[in-house]
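For reference, the structure is listed below as structure tokens.
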Amino acid sequence: MSSRRQFLAGSAAALGLTALTVPSARAATAHSASPDTAASGGRAPNLVVVLADDLGYGDLGSYGQKLITTPRIDRLAAEGLRFTDAYALAAVCAPSRASLLTGLHTGHSAVRANPDGAQGSLHDGDTTFGEVLRSRGYRTAVIGKWGFGPEQGEQASHPNARGFEEFYGYIDHEHAHQYYPQYLWHNGVKETIPENAGGAKGRYAPDLIEQHALDFIDAHAAEPFALFLTPNVPHAPSDIPDRSAYAARTWSQENKGHAAQISYFDALVGRVADRLHARGLAEDTVLLVTSDNGPHEEGGVDPDLFDANGPLRGYKRNLYEGGVRVPLIAWAPGRIAAGVSDRPTPLTDVLPTLAELAGAPAPADIDGLSVAPLLGGGPDAARHPYLYWYRDERGVTSRANAQDKGRGSRLAEAVRKGDWKAVRFAPVRDRTLPDSQWQVELYDLASDLGEQHDVASLNPAVVADLVALMRASWQDSYPRRPYGLSATAPAYAAPGVPFTVTATLGNASARPWSDVLLTLDVPAGWTVRPTGPAGGGEIAAGAVLGASWQVTAPATAPPGTSWSLSPTATARSAGGPLAFTTTARIPTLPAPPSADAYLSDLSWVSAANGWGPVERDSSNGRKEAGDGTPIAFAGTTYAKGLGVHAPSEIVYHLGARGGRFTALVGIDDFSTRQSALGATKASVRGDGKVLFSTGKLTGASGPVEVDVDVRGVRLLQLVVEDANGNSAFDHTSWARARVTVL
């Protein structure tokens, strides 16, 4: 199993995990994390962040809106702290949301553009505020639009793997554009919505999202919780069941729907506040309301009708103020005094702010700064020396492109330093071009909030300074210090055979942690013993601490079963006790073959880069001839084959029962028709030892006969590698892949 960090989501049943109750030997009693007090004293608050989708700076009454009614949010703005200079981290949603979650601006974050094909992913090193808050015992949820990683459960970019115990909503970015979807995800499972089957409009997804959010508050009213509520309104299309509030207007249906979506968002936020009051939690909760970027003009919506960007220039996709400056309201009765702040506040500040409020140690290698002191009525929080934005957006809309003077699909960057704002455009999609080839504009926001007067030619020194900051802000990759707990374990467990599990705790914060202890829980009947120290001391800021255990599955462990081993780390930080939990999921090997069989009829131990029958986990290839993608050489189609794409490895458990392995291997007719460029080499390995290897395989060379003695082999590995430094068109097939049994 590859290394990964995954916080357990909800109950074991919610993730399909086997409940584990038998612990390892422990060197000491572990601290339990409890956010009863924050570092500043008093009860640490519940935390709710509500993120609208494409809500413009001028779309709320409290920010100047005249045509659309938003009374509930306007009241929160009057009772709380309203930010006039808050900023999304990008002009489109995916990079903006990734930066909000991780506290990194778009020159550093893992996701820097909206999807163009496969959507961007968060990975093990991309620490979110959910992971930080879980370390202090918060119950965490993201409900609504996620928008990262493959659309499947049990993967590193899934919300459950990124610190959120509870997830309900959309994984996929494009799926979130559907207001009447046929399914939504609940943790790692697709839940169908029967009322929307066949294109029906029976259940409005934002209603379901709202209900799950309120249910989460109810379920955790007695314990600290953090809710990231991300409804997909008012993103296009302007689809909503009820437009009656604007029926008398002479607007288009699209504009009526858009206005109704904004009022819907307002009512949703109001119902969250009402539920907090009803549960007696309003005084113990900090509620933030904001948006991921400026207003959209899609699906027939006219943002100018509503003055959706207020006094600002630009829309969604622009790096001018209208594309990135957003509403931000912080509300907590008795905690946050009513007022207005003009502090330039990027949403990178959400992570460190929530962390400080919770008494949790934030990673030190982020770009955000905490505004918790400002929320508490103290002096203005530390200010950023400058703010940075990057844009790599291929989608173009007419108004945004006009604001960019026809440069809407070009790479662009922007920096704000004090009241100076610079925006620059590359002539082609290459950010490594010399600075002299970029077009740079400069605006003085103090006298020109609408960015109408480019004063770059009058201030060359300022331009040079801000361009240098743009260059310094970008890194092709941004390695992170390890934060939290990660685990490594083998890809499988053989009953009765010892193996090693290693856990590593990383302290990426700015201060040391003390009383560190690492332990391991294993399934009932398994044996475990530490192979070295498991803590007891201090872990310095920026350092890591590891522990390992020798684990053995009982000889009676059933084959082909997935087991969960749970390392846990406890420590104490300046804000209080911490606890981290991760999961190493290890299968016991499938049963070896008891009779001669095609490999596509056997369960595999692992399959990397397989296609056709191999990738079909639900059927596992156990169908009659013709299952999966047909595999053919020289016009002859072979049944029961295995298709792969270099580099690939498929592993089977023979359990020393095999006699011979036979097959044809080569680049198949399908790939040859696509291109003659494919070139691979294949090998058969037994327990890691090469038993057979081909020379270079091409479509022209045809397949190679394989006939290998596999007596005594426990694990059979079929490996295909690229042979010409170009993995395109390297589809390769193992036809007639068959093993005989002694």
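The values are calculated or read from the model by the stated rules, or taken from the named source; none is laboratory data. Note that this is a predicted model, so its numbers are computed, not measured. For neighbour counting, all protein chains shown are included, and Cβ atoms are generated from backbone atoms with ideal geometry for every residue, glycine included. The area values use the complete protein model at the heavy-atom level, side chains included, leaving out ligands, DNA and RNA. Shrake-Rupley method; radii C 1.70, N 1.55, O 1.52, S 1.80 Å.
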Test: residue in segment 706-713 that is open to solvent by 20 Å² or more (accessible area, probe 1.4 Å) and assigned to a loop (DSSP other than H, G, I, E, B): yes
Answer residue from segment 431-440, given it is buried (at least 16 other Cβ atoms within 10 Å of the Cβ) and of a type outside the set (A, V, I, L, M) and is nearest to the chain's Cα centre (by Cα) among those: R431
Condition broken by G376, with the remaining ones in (1) closer than 22 Å to A86 by Cβ; (2) under 26 Å from the mean Cα position of the chain (by Cα) satisfied: (2)
E195, sole failed condition from (1) crowded, with 22+ Cβ neighbours inside 10 Å; (2) farther than 26 Å from A44 by Cβ: (1)
Selection from segment 669-703 of residues that are open to solvent by less than 20 Å² (accessible area, probe 1.4 Å) and polar (S, T, N, Q): S671, T680, S683, T694
From the options A510, A541, A491, A487, residue that is out of contact with any Leu (no Cβ under 6 Å at 6 or more places or on another chain) and over 23 Å from L133 (Cα atoms): A491
Among the residues listed as R134, R82, the single one being open to solvent by 10 Å² or more (accessible area, probe 1.4 Å), among the basic types (K, R) and within 25 Å of H296 (Cα to Cα): R82
Positions within segment 479-529 being hydroxyl-bearing (S, T, Y) and either free of Cβ contacts under 8 Å to residues at least 60 places away in the same chain or within 14 Å of A547 (Cβ to Cβ) (or both), in sequence order: S486, T488, T500, T502, T504, S514, T519, T527
Residue check for T570: closer than 26 Å to A161 by Cα, at pLDDT 95 or above and within 33 Å of the chain's Cα centre (by Cα): yes
Residues (in contact (Cβ under 8 Å) with a residue 24 or more places away in the chain and open to solvent by 10 Å² or more (accessible area, probe 1.4 Å)) located in segment 220-235: H220, A221, E223, P224, H235
Odd one out for E131, checked against (1) within 11 Å of the chain's Cα centre (by Cα); (2) of a type in the set (D, E); (3) more than 17 Å from P95 (Cα to Cα): (1)
Residues that are open to solvent by 10 Å² or more (accessible area, probe 1.4 Å) and touching a helix residue (DSSP H, G or I) at 6+ places or on another chain (Cβ under 9 Å), drawn from segment 98-122: H105, H108, A110, R112, A113, N114, P115, Q119, G120
Subset of segment 328-382 (residues that are among the hydroxyl-bearing types (S, T, Y) and touching a Ser or Thr at 6+ places or on another chain (Cβ under 9 Å)): S341, T348, T353, S370
Residue check for L89: outside any strand (DSSP E or B), among the hydrophobic types (A, V, I, L, M, F, W, C), surrounded by 23 or more Cβ atoms within 10 Å (Cβ to Cβ) and at pLDDT 95 or above: yes
Complete set of residues in segment 555-567 that are closer than 15 Å to Y492 by Cα and modelled with pLDDT of 95 or more: L565
Scope segment 357-389; condition of a type in the set (S, T, Y) and within 19 Å of R511 (Cβ to Cβ); matching residues: S370
Pairs with Cβ under 8 Å, 6+ apart, first in segment 378-390 and free of Cβ contacts under 8 Å to residues at least 40 places away in the same chain, second among the polar types (S, T, N, Q) and outside any strand (DSSP E or B): A381/S370; A382/S370
Options V428, V371; residue that is at pLDDT below 95 and either surrounded by 15 or more Cβ atoms within 10 Å (Cβ to Cβ) or within 26 Å of G120 (Cβ to Cβ) (or both): V428
V396 being in contact (Cβ under 8 Å) with a residue 24 or more places away in the chain and surrounded by fewer than 19 Cβ atoms within 10 Å (Cβ to Cβ): yes
Segment 465-503, residues that are open to solvent by less than 50 Å² (accessible area, probe 1.4 Å), part of a strand (DSSP E or B) and at negative phi: L485, S486, A487, A493, F499, V501, T502, A503
Single match in L654, L664 (criterion: over 28 Å from P587 (Cβ atoms), modelled with pLDDT of 90 or more, buried (at least 18 other Cβ atoms within 10 Å of the Cβ) and over 34 Å from the mean Cα position of the chain (by Cα)): L664
Tabulated pairs, segment 680-709, first under 16 Å from A663 (Cβ atoms) and touching a residue at least 12 places away in the same chain (Cβ under 8 Å), second open to solvent by less than 80 Å² (accessible area, probe 1.4 Å) and of a type in the set (D, E), C-beta under 6 angstrom, 6+ apart or interchain: T680/D730; K681/E721
